[in-house]
Every structure is written in C-alpha cells, then in structure tokens.
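Presented below is the structure to which this report refers.
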Amino acid sequence: MANDSILIKDGTLIDGTGREPLATTAVLIKGGLIKAIGAAATREAMNHPALRTIDASGQFVLPGLIDGHTHLSMIQGTPEGIRYPTSAEHCTLRAAQHLPSILRAGFTSVSVPGGKWFVDVALREAVNTGMLQGPRIFAAGRALTPYGGIFDQRPSWERGLPDDLVGILCNTPEEFTVETRRQCKNGVDLIKIADSVWGDTQAVSLAEIAAVVDEAHRRNVKVTIHSRGAGTTRDAALAGVDWIMHADFATGDDLDAVARAGISIMPTFAQGEIWALHGTEVPQATKDRLKWQLDINVKSMQAAKARGIKLLIGTDSGNAPVMTIGKWHGYEAAFFVKHLDYSPLEVITIQSRDNALAMGLEGKLGTIEPGMIADVILLDADPTKRIEVLGDPAHVTAVIKDGREIDLGPRPDSSDLIAA
C-alpha cells in the first residue's frame, strides 16, 4: 500500500494534548495510525526501509485540525447556467467541489450539523470509500425545527417546509421521534435540533429535546442543538444532548446546569463576526443585532469557561455566501485567544483533541500519540506564536489523513484569510 509507512523527522511537535512543543522530534505512521514518537519512532523506522520520509526541519507538526461546525451542502453559490440550484444533485456536486479546499487549509475533519437532503451522508461515504478526496465528515441530515424555529420563517398557511430546505418541521415529541428514526435509517451520525433564530423565545420544549436524545442515543447517534436562548440551553443540558451550540443568553443557573451535566458548548462566534464585518449581502439591522448579541455571547462563554465547561470550536462555514468553505476554518481559534484569554497552545488542543467529540471519535482522533488515528499536518509557521496561521493554506506544507499523504497541489503564495 502506497505511503503505508511514513516517518516525519526533525519537526517541532505540537501533539494536541496541551503539552509544550518538542523540537526535532520524529513521528512514525504505519497502517493509518501513529506508531511511535521521538527516539522510538527513529528506531522503529529502521525496520521499514521502504517508508516515505518527510523532512520537517524548521516546520511544525500538528494533529489534523477539526472544524466542529461546517455546512457543506447548505449554501455554496450558484454558477450561471444551473437550472435547479437547490436540487439534491446540484448540492452534492457543488459541495463535493469544495472538499479539497478544506484539506488545503489543514482541516482533516469536519462535523456537519445540518444540510440539505442527505447530501452530507453521501459525501461522507464517497470520501470514506475513496471516490472523493476530502476531510473526514460527521454528518447530520436536515435540522429538526418546530413552528417559529430557525428554519421556519414561512407564513403559517404554507403547510410544512419545502423538501430542499435545511430544516424539517417537527411539532410534537412524537414527530421529533419519528424524524429521528427516519434520519437514523438514512445513516446520519448526528441529529441536529434547531430552536429559534436569536433565542428571544424558546421554540423547542424539554420533552421534545428529550425525545430526540432518547431515540438517537438508543441508535448510537449523537445529538446537538442550536440553542441561543437561556431556557433551551438549560433544557438541552437536562435532556443530555452531546454538545450545545451557541448558548448566547445562558444565565449563571443555565451554565450551572450545563456544568453539572458535563456537556460542552460550541459558541461559534466566527459566524456572527464574519457576517457583521464582511457580509455585504447582510442587512445593516441584522449586522447590528449580530454585533450586540456577539458581545453577550462572549460574556456568557467567559462565565462558562470560569465554571470549567469545556468549549469547542466551530465556525459555521458554508452557511451563507460570505462563509466560504475553505476560508474561515481557523478564524474561531484566533477569536478564542483574543476574547476568551486562551493561550494559542490551549486553542490548538481544543481545535484537535477536544473537537474530536464533535466527530464521535474522542480518544481516537486529535492527538499525535501512539495508537491514535494518523491525521497530521505540517505548518511552516509557529501557531503558538501566531495563532492566525491555523486555517491559512499558505502555511500548510503537508496533510496526512488516515496515514495517507494528500496531494494538495500547488501551495498558494498567500491567503486572503482575514484573521480575527
């Protein structure tokens, strides 16, 4: 098997555990896993004379990065001449076209909490079987949302939601249960529940969230929720979802409930700030709301951090034309450093080891240690000194996924990534 064994030598290792970087360290990869580190890797490599050797002198060796909130099939832009841009066929082709750019940015895994049709499930299978080159995908189907939920902005006399929307309407615990079963049958890894847009009202009840969690967990499927409001965040914790997205208006009592439950929060600041600063198509009133709410969310997450709640990193890339796939995946890391007083090394650990939760691969993915899945990237700049190099393809010199080196094509001279 080509590239079955790879020795990366003389790089500075940032292993994703939070430990300090190790200079001139060797990493041996074999059979899709990390085989050995340091002197043990060098000794073991002598038994594999045909292995591929990568000289990482002057470079930084990191685990493959994980974006915990990316929408592959949601909005990709429509080239001229496409008759039905929201069809399953077009969404699949357009999303597939964008996959290599995620790898080019150093992200070997993405969690996809909601998309059109079952496009993301099909993409996951195509990547896993080698039909397409792309990141590892942890896929949800359409988000389960009630009347007044984030995806239900249509007048009430229009029954249901069109089949080509990202949301699907559920209004009772029974309907939430049935849709969970349907999506599980179609092979999702994850169920996404979607509460109201801004969190001003609670659109999903505790009973409905609990119904989804019970059904999904019986089928070994994870559950997450778009929850900006206080009540929804508390109920999500009580129901036992696997992680909570946003939690903008979470009060101290709500965060106490989250902490007691041991549940992580993925705030996804990047989407709000990028929309507000760079979204030319976004109305000014929406931008003003985003800026106001972003400030509230930062304060809530500072309080969450103080309680020991684990925060995860996702960007919401792909959810609007401004959120270009491949461009923003490292943005949230810099935001965490700037606004939440994390060190760059701590953020790298979140972006790799901790984010493995959002891939259903805790303890198997996200660190460079013996026995772990061999997702590894090389950077030509030190992310512990310049966190903004994460996600910038201009600084990615190599990407290894599942122990196989990816042909990335020419490296760009520079990136138009706008750092936080």
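Does the range 204-319 classify as rounded, prolate or oblate by the C-alpha gyration tensor (a ≥ b ≥ c root eigenvalues; a/c under 1.5 gives rounded; else a/b over b/c gives prolate, otherwise oblate)? Prolate shape, in that a/c is at least 1.5 and a/b is the bigger ratio. Using R0 = 35 Å, the C-beta based FRET efficiency linking Ala259 and Thr280 works out to 0.35.
Among rounded, prolate and oblate, which fits the range 290-420 when a ≥ b ≥ c are the square roots of the eigenvalues of its C-alpha gyration tensor, a/c under 1.5 means rounded, and a/b larger than b/c means prolate? Oblate is the answer for the range 290-420, as a/c is 1.5 or above yet b/c matches or exceeds a/b.
For Lys30, a cut-off of 17 angstrom between C-alpha atoms picks up these lysines, skipping any fewer than 8 places away in its own chain: Lys9, Lys364, Lys401.
A full extension of the chain between Lys338 and Glu174 corresponds to an added length of 54.7 nm, given 0.36 nm per residue minus the alpha carbon distance. The distance linking the range 380-412 with the range 1-58 is 16 Å (Cα centroid to Cα centroid, whole angstrom). What's the angle, to the nearest 10 degrees (0 to 90), between helix 206-218's Cα axis and the longest principal axis of the chain? So the inclination is approximately 40 degrees.
What's the ranking of 297-307, 355-365, 383-393, 312-322 by average number of surrounding C-beta atoms within 10 Å, highest first? Walk me through the numbers on the way to the answer.
Details: 297-307: 17.6, 355-365: 20.5, 383-393: 22.2, 312-322: 23.9.
Ranked from most to least packed, the peptides come out as 312-322, 383-393, 355-365, 297-307.
The range 142-156 and the range 181-244 have Cα centres spaced 14 Å apart.
Among the lysines of the range 220-362, pairs at least eight places apart or on separate chains and with Cα atoms under 25 Å apart come to 15. Remark: spin-label model distance Leu33-Arg289 equals 5.0 nm, labels positioned 7 Å along the Cα→Cβ axis. Going out from 0 in 10 Å bins, what whole percent of all Cα-Cα distances in the range 261-332 drops into each bin? Computed distribution, short to long bins: 20, 45, 28, 6.
Report relative contact order for the range 176-317 in percent, whole number only (criteria: Cα-Cα under 8 Å, sequence separation at least 6). Working shown, then result.
On the way: 256 pairs, mean separation 28.2, N = 142.
RCO, the range 176-317: 20 percent.
Give, rounded to the nearest 20 debye, the magnitude of the charge dipole that the range 65-359 has about its Cα centre when Lys and Arg contribute +1 at Cβ and Asp and Glu contribute -1 at Cβ. Numbers along the way, then the final one.
Working: 29 positive and 33 negative charges, 112 e Å.
Roughly 540 debye, rounded to the nearest 20.
Helix 88-104 against the longest principal axis of the chain: what's the angle in degrees, Cα atoms only, rounded to the nearest 10? In the chain, helix 88-104 runs at an angle near 40 degrees to the longest axis.
For the chain, what is the relative contact order in percent, using Cα pairs closer than 8 Å and at least 6 residues apart in sequence?
Working: 1014 pairs, mean separation 82.1, N = 420.
Contact order relative to length: 20 percent.
Distances between every pair of Cα atoms in the range 65-359, grouped in 5 Å steps from 0 to the bin holding the largest one, split as 1, 6, 12, 17, 20, 19, 14, 8, 2, 0, 0 percent.
Bear in mind that the values in this text are calculations on the coordinates, not laboratory data. If you're wondering where the values come from, they're calculated on a predicted model, not measured in any experiment. Cβ: placed from backbone, ideal geometry, glycine included. Neighbour counts: every protein chain shown.
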